[in-house]
Amino acid sequence: MSLNVTIPDTFNGPLGLLHSLILRDEIDIYDIPIARLTNSYLEEIKKLDIINVDEGAEFLDLASRLLEIKLRMLIPPEEREDEESDEDDDFDPRGSLVEALLEYRRFKDAARLLG
């Protein structure tokens, strides 16, 4: 039996929480201030009362992704040993997060239309 953490009209799951923080703070999804967003996300997951270990792990997994992105953004571009940065000097570690948030938004909008 699985317990879903849902707060009506707010968020459902870790990406939902992240998306709600972006909306709340009026953040441009294409230019995410990752340090500020990471701090807000960590503060919010501390407040959650999560009973299910699997769901708690999902929130912590996204937190670790945010911290990884934050760390990668601190590395000067010339010192990155990442294959992706070798191919593209304009590589932005936030890219995969932006794509995931845009996909989340599309599904949320589609669900709203169907509902």
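The values are calculated or read from the model by the stated rules, or taken from the named source; none is laboratory data. The model shown is predicted, which means the values in this text are computed figures rather than measured ones. Here the Cβ positions follow ideal geometry from the backbone for every residue, glycine too, while neighbour counts run over all protein chains shown. Remember, those area values only see protein heavy atoms, side chains included, never the ligands or the DNA or RNA. Shrake-Rupley method; radii C 1.70, N 1.55, O 1.52, S 1.80 Å.
From the list 115, 95, the lone residue that is farther than 13 Å from residue 14 by Cβ, at pLDDT below 85 and of a type in the set (Gly, Ala, Ser) is 115. Sub-7 Å Cβ pairs linking a first residue in the stretch 46-57 that is under 15 Å from residue 12 (Cβ atoms) to a second residue that is exposed (fewer than 13 other Cβ atoms within 10 Å of the Cβ), at least 6 apart or interchain, are 52/2; 52/3; 55/3, ordered by first then second residue. Annotation note: of 35, 110, the sole residue that is out of contact with any helix residue (DSSP H, G or I) (no Cβ under 7 Å at 6 or more places or on another chain) and open to solvent by 20 Å² or more (accessible area, probe 1.4 Å) is 110.
Does residue 55 satisfy the criteria of being surrounded by 14 or more Cβ atoms within 10 Å (Cβ to Cβ), over 11 Å from the mean Cα position of the chain (by Cα), part of a helix (DSSP H, G or I) and modelled with pLDDT under 85?
Criteria met by residue 55.
In the set 78, 103, 84, only one residue is open to solvent by 40 Å² or more (accessible area, probe 1.4 Å), part of a helix (DSSP H, G or I) and modelled with pLDDT of 90 or more; that residue is 103. Selection within the stretch 22-32: residues that are in contact (Cβ under 8 Å) with a residue 24 or more places away in the chain and not in a helix (DSSP H, G or I). The member of this set that is surrounded by the most Cβ atoms within 10 Å (Cβ to Cβ) is 32.
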